[in-house]
Amino acid sequence: MRAEVDRIAEPWGERTPYGPGTPWPVRVDSYLEPGVTDGDVEAWVPTASVLHSNGDAMDVAVAGGRIVGVRGSARDRVNHGRLGPKDLFGWQANRSRDRLTTPLVRRDGRLEPCDWDTALGTIVDRSKDLVETYGPGSIGFYTSGQLFLEEYYTLAVIARAGIGTNHIDGNTRLCTATAAEALKETFGCDGQPASYADVDHADVIALFGHNMAETQPVLWMRVLDRLAGDEPPRLVCVDPRPTRVARHAAVHLAPRAGTNVALLNALLHEIIRMDRIDRAFVDAHTVGFDELAARVADCTPRWAAGICDVPAAAVTEAAEVLGDARRLLSTVLQGVYQSHQATAAAVQVNNLQLIRGMLGRPGCGVLQMNGQPSAQNTRECGADGDLPGFRNWENDAHVADLARVWNVEPTDIPSHTAPTPAMQIFRYAEQGSIRMLWISGTNPAVSLPELERVRGILRRDGLFTVVQDLYLTETARFADVVLPAATWAEKTGTFTNADRTVHLSERAVEPPGDARPDLDIWLEYARWMDFRDKDGRPLVGWHDPESAFEAWQECSRGRPCDYTGLTYDRLRATGGIQWPCTDEKPEGTDRLYTDGVSWAAPDACETYGRDLVTGASVSETEYRALNPHGRAVLKAAEYLPLHEATNDEYPLQLTTGRTLYHFHTRTKTGRSPQLRAAAPDVWVEISAAEARRHQVAEGDLVEVTSPRGSVRGRLRVTGIRDGMVFLPFHYGYWDTPGGAGPGEDGGRAANETTVTDWDPVSKQPLFKTAAARLTLIERGDGAVSPAPTTTASAPVDPAAAPPTTGGPAALARQSTGEPGGERS
């Protein structure tokens, strides 16, 4: 093994092969800033990555009160010491000179520095006035998937029982809402059935719309190491782009955007036709098989080929691989989640797993993946469209139980209707019924669809906006009050990754200036608002991260996401542990549903479900009739055409997505030198055939236009399917002269073009299904597209662009030793 590797040029490092059922070997990755040696490090402080959902455990190196590097934690179950490029280099954003260090308030149209009392007093005065004048529904909260559990739980208590508003959601609505809904529709409750350790055992891994190589690079390292070992698994990949996953797949299906339900129905049809069904499992643990079989009876591969534009033989081949699997692991992400039938498609993956009986055993399960590091916590804690602890807002007993935990009256918790999803919150702000919007840790002025509309909402005179963030983001520039927040490694708290692993992240350094942890900000707001329970005691009775965690434990007691067996000390001693973790299961739980489906019973379930086509609610009576014994539900769905089809004016399918080197709206990764250099600006991808059709070439400056807006970027010609154009969604305006929106050179943010529309069940916006056209602006004349060559954006002609490398600045160490994971 080489001692150092350029982790921009080789993002996944070297291979450590292993065979099925054997432990994944340790490889410890580390990076210290130039000039710093191990001997200079004064402390190693345990944490985990916050730049994706994988939950890679690591230690932060501290010297002179500053972060000077990181290393992977060898003992941790998630990553066995490995780190991805964002883990290795992203921490430098903490030290950026443009961090917010003092509160700001808007006076005479300008944001001016002030002290905390002034900022909080302004917010509290406005809150009280609005609640008294217009009621609690005049206030909304829009949060993140990047804060800590303790912060989400505190916010949920404040919003739901303090203010009494139903308008609270996270930006997780954009990336993980479908994961939650798909799990609830099938299993009656949220919670990932599978574990990352299932990669060690699977003989087939199917990835549906999941570019694992770029979204969870360390999990992809685990797959790569299996592929390099004995008895490697076969991969099935469904993705319209030539991802690294696709290049390793036994079968790669690249369907038209928005046709996943048709493709999955055909796969189900073939598996049923070939009788690759575990009938004993289906009979014992599911309901709905006859309806499912009837729904897909006519969905032949030939039928699907006509809709999806993939060879019928390839559909049959994929079904044979899935049908022959002895241990099948399926994963799902945004390629499924961000389309008009997102939940319907994700549920069909669950169906496939269930009819094959692939659940609750090593190597068998489904991971409806998350996009952000603590997306799981927003769902657990009630900081999105669910009640805390996966309680059912339609079940009076669940609401009463939550009221007991909070010591309030059940009527104090708004549950007369479904919690308001993010897109509806912004619609209410646009209409004027929401008059105060508190945005924390997210940047909707770049991340929401149809940005010109979003900017119009944020600049409305009647909307009072609070933004709580690390930097003066595009969104913060529209705010009435800006609060400087501390971030990862500057505060303490826990967060939970996509396979239910809980990590403790401890403060390593002090936040800059007057920046405060998000928890401290909300605790102070609760104190100033004087929220009380029904006995007159403070509603929020905790005062620091650990006491907040203990309060959450009581809320989770007896629920599917039971944390009562976890403590800060246990997490310090052992590293990551998977929930549920109780006194009866102190080591946590590798897999859910090892003894049957346990949370789908009518009195226990988190939801009674929705119609997958219309989104209409299933009543309690209907659910009791369908599923009286609480089994997994095999829900069928018919394929429906896209809402926005291509036409003569907009002949291309527009899809957006991410690159390996950046996260969300690039507020952090754009401030890391190595990551910024690896993918410095927006680009446009089309196929070689489309390039010939449009008479454009690599490096040309082109404009992508939809009915909503346009984006300009240098062209990259890739192996993406014909008829499609791809835009990375990370790029906004904070590092442009415009600051908050497009300038003279046109739009840069992909969401200038995306549509205000959403899946009817999960309410997740459609970032991957719109229509667009492409126009040449100027010839490249030797200009090079800024797209990386190491990823799905690699050029079809390798000579078209120089290889993406990081040089000496990106050399990271790798070794097989160093335990790590403990504070020293």
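The values are calculated or read from the model by the stated rules, or taken from the named source; none is laboratory data. Computed from a prediction, not measured in an experiment: that's the story for all the values here. Backbone-built Cβ (ideal geometry, glycine too); neighbour counts: all protein chains shown. Keep in mind that these areas ignore ligands, DNA and RNA; they rest on the heavy atoms of the full protein, side chains included. Shrake-Rupley method; radii C 1.70, N 1.55, O 1.52, S 1.80 Å.
Of the residues in region 325-338, at least one is part of a loop (DSSP other than H, G, I, E, B), closer than 29 Å to Glu644 by Cα and open to solvent by 10 Å² or more (accessible area, probe 1.4 Å). Looking across Leu776, Leu727, one residue alone is within 23 Å of Asp648 (Cβ to Cβ), crowded, with 23+ Cβ neighbours inside 10 Å and not basic (Lys, Arg). It is Leu727.
Considering each residue of region 668-703, count those that are under 30 Å from Leu811 (Cβ atoms), in a helix (DSSP H, G or I) and open to solvent by less than 10 Å² (accessible area, probe 1.4 Å), and give that number. It would help to see each step written out before you state the result.
Restricting attention to region 668-703, the residues satisfying the condition of being under 30 Å from Leu811 (Cβ atoms) are 668-683, 685, 698-699.
Then keep just the ones that are in a helix (DSSP H, G or I); that gives 669-671, 673-678.
With open to solvent by less than 10 Å² (accessible area, probe 1.4 Å) added as a condition, the list becomes 669-670, 675, 678.
Residues that pass the stated criteria total 4.
Can you tell me which residue is nearest to Ser127 (Cα to Cα) among those in region 457-479 that are in contact with a Gly (Cβ under 7 Å, 6 or more places away or on another chain) and in a loop (DSSP other than H, G, I, E, B)? By that ranking, first place goes to Gly462. A single member of Leu264, Leu268 is within 21 Å of Ala325 (Cβ to Cβ), over 23 Å from the mean Cα position of the chain (by Cα) and either open to solvent by less than 20 Å² (accessible area, probe 1.4 Å) or aromatic (Phe, Trp, Tyr) (or both), and it is Leu268.
On the basis of being under 29 Å from Lys763 (Cα atoms) and without any contact (Cβ under 8 Å) to a residue 12 or more places away in the chain, does Gly365 make the cut? Let's see the steps before the verdict.
Working: under 29 Å from Lys763 (Cα atoms): yes; without any contact (Cβ under 8 Å) to a residue 12 or more places away in the chain: no.
So Gly365 fails the test.
In region 573-613, the qualifying residues are those that are at pLDDT 95 or above, assigned to a loop (DSSP other than H, G, I, E, B) and β-branched (Val, Ile, Thr), and the one that is farthest from Gly357 (Cα to Cα) is Thr582. Scanning region 93-128 for residues that are under 30 Å from Glu33 (Cβ atoms) and surrounded by 20 or more Cβ atoms within 10 Å (Cβ to Cβ) yields a count of 4. Taking the criterion of being in a helix (DSSP H, G or I), open to solvent by 10 Å² or more (accessible area, probe 1.4 Å) and in contact with a Pro (Cβ under 9 Å, 6 or more places away or on another chain), the residues of region 388-400 that qualify are Asp396, Ala400.
Could you tell me whether Ala688 is over 25 Å from Arg7 (Cα atoms) and not hydroxyl-bearing (Ser, Thr, Tyr)? Answer is yes for this residue.
Of the listed requirements (1) in a loop (DSSP other than H, G, I, E, B); (2) in contact with a helix residue (DSSP H, G or I) (Cβ under 6 Å, 6 or more places away or on another chain), Leu727 misses just one: (1).
For region 437-456, which positions are part of a helix (DSSP H, G or I) and either open to solvent by less than 10 Å² (accessible area, probe 1.4 Å) or not acidic (Asp, Glu) (or both)? Reasoning before the result, please.
If we filter region 437-456 for residues that are part of a helix (DSSP H, G or I), which is where we start, we get 444-447, 451-456.
Selection gives Pro444, Ala445, Val446, Ser447, Leu451, Arg453, Val454, Arg455, Gly456.
Taking the criterion of being farther than 27 Å from Glu185 by Cα and surrounded by 16 or more Cβ atoms within 10 Å (Cβ to Cβ), the residues of region 288-313 that qualify are Ala305, Val310, Ala312.
Of all residues in region 39-75 being out of contact with any helix residue (DSSP H, G or I) (no Cβ under 9 Å at 6 or more places or on another chain) and acidic (Asp, Glu), which is nearest to His503 (Cα to Cα)? That would be Asp59. When Ser505 is tested against (1) closer than 24 Å to Ser138 by Cβ; (2) among the hydroxyl-bearing types (Ser, Thr, Tyr); (3) out of contact with any helix residue (DSSP H, G or I) (no Cβ under 8 Å at 6 or more places or on another chain), exactly one condition is not met: (1). Of the listed requirements (1) hydroxyl-bearing (Ser, Thr, Tyr); (2) crowded, with 24+ Cβ neighbours inside 10 Å; (3) within 19 Å of Thr646 (Cβ to Cβ), Thr756 misses just one: (2).
If only one of Ala787, Ala794, Ala812 is open to solvent by less than 60 Å² (accessible area, probe 1.4 Å), in a loop (DSSP other than H, G, I, E, B), in contact with a Lys or Arg (Cβ under 6 Å, 6 or more places away or on another chain) and at pLDDT 95 or above, which one is it?
On the way: Ala794 fails: in contact with a Lys or Arg (Cβ under 6 Å, 6 or more places away or on another chain); Ala812 fails: in a loop (DSSP other than H, G, I, E, B).
One residue alone meets the criteria, Ala787.
Among the residues of region 427-436, just one is part of a helix (DSSP H, G or I) and among the hydrophobic types (A, V, I, L, M, F, W, C), namely Ala429. Restricting the search to strands (runs of 3 or more DSSP E) fully inside region 65-160 and requiring at least 1 residues that are of a type in the set (Gly, Ala, Ser) gives 66-72, 139-143.
Among the residues of region 40-73, the one identified as in contact with an Asp or Glu (Cβ under 6 Å, 6 or more places away or on another chain), open to solvent by 10 Å² or more (accessible area, probe 1.4 Å) and of a type in the set (Gly, Ala, Ser) is Ala63.
Inclusion of Ile277 among residues that are at pLDDT 95 or above, of a type in the set (A, V, I, L, M, F, W, C) and in contact with a Gly (Cβ under 7 Å, 6 or more places away or on another chain) is not warranted.
For (1) farther than 22 Å from Leu766 by Cα; (2) touching a helix residue (DSSP H, G or I) at 6+ places or on another chain (Cβ under 7 Å); (3) crowded, with 22+ Cβ neighbours inside 10 Å; (4) acidic (Asp, Glu), each residue gets a yes or a no:
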site	(1), (2), (3), (4)
Pro628	yes, no, no, no
Asn647	no, no, no, no
Leu654	no, no, yes, no
Thr659	no, yes, yes, no
Arg666	no, no, yes, no
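Condition first: assigned to a strand (DSSP E or B), of a type outside the set (Phe, Trp, Tyr), in contact with a strand residue (DSSP E or B) (Cβ under 6 Å, 6 or more places away or on another chain) and modelled with pLDDT of 95 or more. Can you find one or more residues in region 342-361 that meet it?
The first filter runs over region 342-361 and keeps only residues assigned to a strand (DSSP E or B), leaving 361.
From what's left, of a type outside the set (Phe, Trp, Tyr): 361.
Keeping just the survivors that are in contact with a strand residue (DSSP E or B) (Cβ under 6 Å, 6 or more places away or on another chain) gives none.
Checked region 342-361: no residue is assigned to a strand (DSSP E or B), of a type outside the set (Phe, Trp, Tyr), in contact with a strand residue (DSSP E or B) (Cβ under 6 Å, 6 or more places away or on another chain) and modelled with pLDDT of 95 or more.
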